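Derivation of every value follows stated rules applied to the coordinates shown; laboratory data play no part. No experiment lies behind these values; they were computed from the predicted model shown. Every residue, glycine among them, receives a Cβ derived from its backbone with ideal geometry; neighbour counts consider all protein chains shown.
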Amino acid sequence: MTESSVPAHRDFVRQIIDEDLKTEKWAGRVHTRFPPEPNGYLHIGHAKSICLNFGIAKEYGGKCNLRFDDTNPEKEEVEYVDSIMDDVRWLGFDWEDRLFYASDYFEQIYQWAEQLIRDDKAYVCSLGLEEIRGGRGSASEPGVDSPYRSRSVEENIDLFRRMRAGEFPDGAHVLRAKIDMAHKHMLMRDPIMYRIRHTEHHRTGHKWCIYPTYDYTHGQSDSIEGITHSICTLEFENHRPLYDWYCDALGIHHPQQIEFNRLNLTYTMMSKRRLLELVQGKHVHGWDDPRIPTLRGLRRRGYTPESIRAFVAYVGVTKNNATMDMCVLENHIREDLNKRAERRMGVLNPLKVVITNYPEDQTEEMDAVNNPEDATAGTRKVPFSRELYIERDDFMEDPPKKFFRLSPGKEVRLRWAYFVTCSNVVKDASGQITEIHCTYDPATKGGDAPDGRKVKATLHWVSAKHALQAEVRLYDHLFVKEDPDEVSDASLDWKSNLNPNSLIVQPAAMLEPSLGLAKTGERFQFERMGYFCVDSDTQGAHMVFNRTVTLKDQWSKEQAKG
RNA sequence: AACCCGGUGGUGUAAUGGUAACACAUCAGAUUUUGGUUCUGAUUUUCCAGGUUCGAGUCCUGGCCGGGUUACCA
């Protein structure tokens, strides 16, 4: 599972590359690329592609390019370009000097289009959008040839040049490949190569008013960059014949397209379109909302790049439709943070405790271990005094059998401090517990009983007068269903499965004072509660923490059983 | 519907014609100054039917089921 170890198992993509190296298909070269369209933010599904492409390049001593697939000016923006570069770097990958844009190749791609026209493999079609669709036929019936299919090379070249020159309005003409209107692949029935769009492009401005389509751009871009293995997701499998057709028709370097399965996760969704809908519909607070699986969201939530890389390596690469359990992702961040995160005490839902036999004005500094998994993390001092806060869930007046924590007459350990026994429960007029009274055993200082007696539970606590009050945001699954698309009746859609409790804010959690020094992004384990990180909303003394993930919790499972 | 691709425990991934395995999840237990961590054990698997073979999860044929595609998006 560790990412440094060389995996014994070779997934099918690596097996293909092994074979290519053996047969010297590419003269020993391995060159991949990660080709995002800058029309949205990257999510953990993209992380799989990034790790695969950059990872393979690294393993084989090859190269991986970052290339923006920016052929549709209507949807693409610089904002996305910048965020994508930032996310790829954050994940831990480096494209060195190989930052490219498909739009850099527009001139070459245009010249190749003229070449195809001259070779009688492309023509300008002046049918309208609906007519083109209609003419394409259907799965059961072949399409019919466009009346413009037999235009002369001269007329095609003239028309195409005038398209480029801006003589025609949007939609007046398109350039189509001349393949076969009866082909069994609908995609091969004279696909569109160029469309007229009088739209400003985020990089080329108004230089172009005709833009090439994905199919007529992607393989050519790969070819120009000398890519050997063009790795993409399964939904492009159908496009491979076209990819191959263009490379062959042009007679240019012809990379091999390989398709792998995309990552799906339970209780969330990866669709760019739906993520956009969540953001624009204000169902979440932006692209970096810690509840959505964008890389920025996960980052803000407290996920480390290491944990995401390890997770992605764990899920593997196949051609199966696969949905990973969210708990597997959560286990990876737990595993990472268990080793690295220092422990602190934080009471999320405070209940006042008075140690009645503890001196009024006394304060003691207790020694606390920072990380039991890492001796080099050292220790810290935690102030202890007569009035404390403990977790409200750690006390029950009338506990069930398997409840080990504090209840009347029961003795528990306060971590790194003393054994205490509950002597009294104080309630308000409505019967709400307002505070509890305990006595402590001075002989148990530090948390060990010299007489060897045991307690069943250890509680975290914070000294009331030393406590740092902070806002803590508790996150849960974005959706209540494993599969957000599962709805009880057809009038409902996936949004009806949004979890109304995916964010619960604790405005006044009580934290141990050492946390006041924590910086934005810093991660801790709040003992017994989970892993937390300092949110970017932190302003001076007003600190905000995000819960990355809870600790595994046997007691909550016990409770769920009823 | 057509075309393309897939079906191995609950989930994901191995086994590359030779004993079906690993991880997570679930359950039970041990250890524990976190009901965390760690450790031990248990439960549960080759879609179906034929064929080839000494031998099939793997190869072949036919079915069944699931997904993708059928855009002037990528």
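Along its first, second and third principal axes, ordered by size, chain A spans 102, 54, 43 Å in Cα coordinates. Taking only the alpha carbons of the stretch A:1-118, we obtain Rg and Dmax values of 16.7, 55 Å in that order.
Subtracting the Cα-Cα distance of A:V480 and A:H185 from their residue separation scaled by 0.36 nm leaves 102.3 nm.
Extent along the principal axes, Cα only, for the stretch A:131-251: 36, 36, 24 Å, with the longest axis given first. Other residues with beta-carbon under 12 Å from the beta-carbon of A:P383 carry, at +1 per Lys or Arg and -1 per Asp or Glu, a net charge of -1.
For the stretch A:343-466, report the % of Cα-Cα distances exceeding 24 Å. Taking all Cα-Cα pairs of the stretch A:343-466, the fraction more than 24 Å apart is 26 percent. Helix A:326-340 and the long axis of chain A differ in direction by around 60°, with both axes built from C-alpha atoms. Between A:T363 and A:T318, the simple spin-label model (points 7 angstrom out along Cα→Cβ) gives 5.9 nm. Using a cutoff of 8 angstrom between alpha carbon atoms and counting only pairs six or more residues apart, the relative contact order for chain A works out to 11 percent.
Here each label is just a point 7 Å from Cα along the line to Cβ, and for A:T376 and A:K207 those points are 5.0 nm apart. Sorting A:42-49, A:238-245 by their mean Cβ neighbour count within 10 Å, with the most densely packed peptide first, gives A:42-49, A:238-245.
Between A:A8 and A:L551, the contour length at 0.36 nm per residue exceeds the alpha carbon distance by 192.3 nm. If you plug the beta carbon distance of A:N424 and A:Q469 into 1/(1 + (r/R0)^6) with R0 = 30 Å, you get a FRET efficiency near 0.70. By DSSP, the beta bridges lying fully in chain A are antiparallel in about 65 percent of cases. Using equal-weight Cα scatterers in the Debye expression, the normalised intensity of the stretch A:3-260 in log10 at q = 0.08, 0.11 Å⁻¹ is -0.35, -0.65.
Taking 0.36 nm per residue of separation and subtracting the current Cα-Cα distance, fully stretching the chain between A:V328 and A:S152 would add 57.4 nm.
Mean residue ellipticity, 222 nm, helices only, chain A: the sum of -39500 (n - 2.57) across DSSP H runs of n ≥ 4, divided by residue count and rounded to 500, is -8000 deg cm²/dmol.
Modelled this way, with points 7 Å down the Cα-to-C-beta line, the labels at A:D244 and A:N264 are 2.8 nm from one another.
Here A:K402 is the anchor, and the aspartates and glutamates within straight C-alpha reach of less than 17 Å, apart from those fewer than 8 places off in the same chain, are A:D393, A:D394, A:E411, A:D553, A:E558. The Cα trace of the stretch A:459-548 gives Rg and Dmax of 17.0, 55 Å, the first to one decimal, the second as a whole number.
Checking the Cα-Cα distances for A:K282/A:K557; A:K410/A:K481; A:K58/A:K178; A:K427/A:K465 against a 31 Å cut-off, the pairs over it are A:K282/A:K557; A:K410/A:K481; A:K58/A:K178. Between the stretch A:160-198 and the stretch A:247-312, the alpha-carbon centres lie 31 Å apart.
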